[in-house]
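**Q** So that we are looking at the same thing, I have put the structure below in structure tokens.
Only the coordinates and a few stated rules stand behind these numbers; no lab work does. Just so it is clear, the model here is predicted, and its values are computed rather than measured. Note that each Cβ is placed from the backbone with ideal geometry, even for glycine, and that neighbours are counted across all protein chains shown.
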Amino acid sequence: MIELGFLQITVWDILDIGIFGFLIYKIYKLLRGSVGFYIFFGLLLLYGLWWLFSFLNMDLMSSLLGQFASIGVILLIVVFQPEIRRFLLILGANAMKGRLEFLKRLFKLDGGISVFTDKVPIKESLKGAILSLAKRNIGALIVFARSEHLYNFRETGVRLDARISQMLIESIFEKTSPLHDGALIIVGHRLYAASCILPLSYDPGLPLKYGLRHRAAIGATELTDIEAIVISEETSNISLAKGGKIFEIKDEADLDNVLNKYDY
């Protein structure tokens, strides 16, 4: 127990504050850059005004804002239903992933993901496809996910479950291909799904030069810990989206560094 004047702080108090701060950080990370972020702070402002008017005994205003306060929990659930669903999905998927990893180590399982050994390494296939698409000014959006259980974006597209191949990736994003409109999702060493629809970012601070592909990449990485490579159809520039932000890949060395992170 720690005594600070008239305050007595126990280990449980510190743990309580730490958990509360961690949850607030996770909520901020989940909502940042989205419309929900501004709605959340709008609701906080309403609650703050209600408390202030109640403290000042301004009955009319406190009674009016009190109507919002009385249905606050229901209002939060209705407004933030998509965010709550994603939060629970991420929480459950992470717990399941940890359990599966434990079972894999215990029983020495490979997780059921087949890795195709080809003459051309996976990294070189990816790199070749990205550079070729950029050279020919073909737009593309490639998402790198760490778990097929965590991300439900594939439900909006076409399931592939194919080995990573430069020719296949290029054919998917050809303008005449029925799968070119949307994102290609890669899980582990497999092309998991194509033509997937990602949520757009509504961050008002994004430059006007970013089109739908870039906004989709940023929007998806705002919500989860996935990363995405975007190829601009107009400029042929290659960019990396992660954590709700986007970074330019300037040369092949930068691209190598990005692909090296995925253990290809």
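**Q** In what sequence, highest mean first, do 187-195, 59-67 appear when ranked by Cβ atoms within 10 angstrom?
**A** 187-195, 59-67
**Q** Shifting gears a bit: List Trp12, Trp50 from most exposed to least, where exposure is judged by having the fewest other Cβ atoms within 10 Å.
**A** Going from least to most buried by this count: Trp12, Trp50.
**Q** Now for a different question. Where a ≥ b ≥ c are the square roots of the eigenvalues of the C-alpha gyration tensor, would you call the range 122-260 rounded, which needs a/c under 1.5, or, failing that, prolate if a/b is larger than b/c, or oblate?
**A** Rounded is the answer for the range 122-260, as its axis ratio a/c remains below 1.5.
**Q** One quarter of the convex hull surface, Cα atoms only: what value does that give for the range 177-258 in nm²?
**A** Average of the hull's projected areas for the range 177-258 equals 5.9 nm².
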